[in-house]
Amino acid sequence: MACFGGSFGGGILVKAMCVSPDVVSCATLLVPAALDNAPAWKSTGMIFPMIMYQLTHQERWFTRCLLPMALQESNITQDVLETARCSIDHAKIKALMPQNEPEWRLGRYRNPVLVLAAEKDCLFPGEKVLSRVQKVWKQSETCLLRGRGHMHQLTEDEKEKIAAFLLKESV
């Protein structure tokens, strides 16, 4: 089956690719966890605004919490706000992202994979992620999203690249 996963979901897909490599016929990973996560201290700028949001439920604190991932407020669209708010207000997930998979487990996956990583991602630094991907998955296609953080808008060309990859590989 052709699969797509982004961020935390990308990390879950990476785990599935390692456990059941034959089930995932091809995968597209967008700013994924579990490949080369940044150290936790890289996201400490989100802690104080998150605490203030949880205490006050004021929108300005919520936006400030997301800024280290978005880099600029224009990347925090209404749908991003609503999705993030649902996750923070209602979901109970572990504080940690899916942990990096060791190379021997990643190497079990031999099917096509497209990985898009953001250059200025504070959670999963693009160049480090792609370097590791190219080392363990020789069959990979990679794309560095220059100048962008974890939260960003894909260009039409990038959306078309993802769709074309999944359609081509899932046939």
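The values are calculated or read from the model by the stated rules, or taken from the named source; none is laboratory data. Predicted model, so just to flag it, every value in this text is computed and none were measured. Cβ sites come from the backbone with ideal geometry, for glycine too, and all protein chains shown count toward neighbours.
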Fill in: region 51-69: number of residues that are more than 30 Å from Trp137 (Cβ to Cβ) and touching a Lys or Arg at 6+ places or on another chain (Cβ under 9 Å)
3
Fill in: Qualifying residues in region 95-119 (those that are over 18 Å from Val19 (Cβ atoms) and surrounded by fewer than 16 Cβ atoms within 10 Å (Cβ to Cβ)) - the one modelled with the highest pLDDT
Glu119
Practice prompt. Would you check if there is a residue in region 34-43 being under 18 Å from Ser140 (Cβ atoms) and in a helix (DSSP H, G or I)?
Written response: no
